[in-house]
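The values are calculated or read from the model by the stated rules, or taken from the named source; none is laboratory data. Predicted model only: the values in this text are computed from it and were never measured. Every residue, glycine as well, gets a Cβ built from its backbone with ideal geometry; the counts of neighbours run over all protein chains shown.
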Amino acid sequence: MKNKLVTKEAIAIIKSKKFFSAEFIKKDGSVRYIYGRSGVKKHLKPNAKPQAYKPAEMGYLTIWDMGKKEYRLINSQTIVKINGMEVTRG
């Protein structure tokens, strides 16, 4: 079994809409762990204002955080691990 993934493989795992765990670097430099899933639409607010930008165009992935029960954005370039496997740039 592989112990390392490249960034594209990690993004594919996240976008598969299955549950995953991830470790990534936040903007402030601290490490964050998340257990979540992408593609969740159930908790969208019906009266929410549209975002001023498209996160996907800036390299962010929208994730439903199972622990906090909120949506989160992950920068795809700062992912360190997915499902316990290291992520390398490439």
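Values for this structure:
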read-out: Of all residues in segment 28-51 being more than 21 Å from residue 18 (Cβ to Cβ) and at pLDDT 85 or above, the one that is surrounded by the most Cβ atoms within 10 Å (Cβ to Cβ); value: 31
read-out: Hits in segment 48-90 - residues which are among the β-branched types (Val, Ile, Thr) and touching a residue at least 40 places away in the same chain (Cβ under 8 Å); value: 63, 74, 78, 79, 80, 82, 87, 88
read-out: Filtered residue count, segment 52-87, keeping only those that are on the phi > 0 side of the Ramachandran plot and either surrounded by 12 or more Cβ atoms within 10 Å (Cβ to Cβ) or of a type in the set (Phe, Trp, Tyr) (or both); value: 2
read-out: Segment 3-16, subset surrounded by fewer than 15 Cβ atoms within 10 Å (Cβ to Cβ) and more than 11 Å from the chain's Cα centre (by Cα), residue nearest to residue 65 (Cα to Cα); value: 16
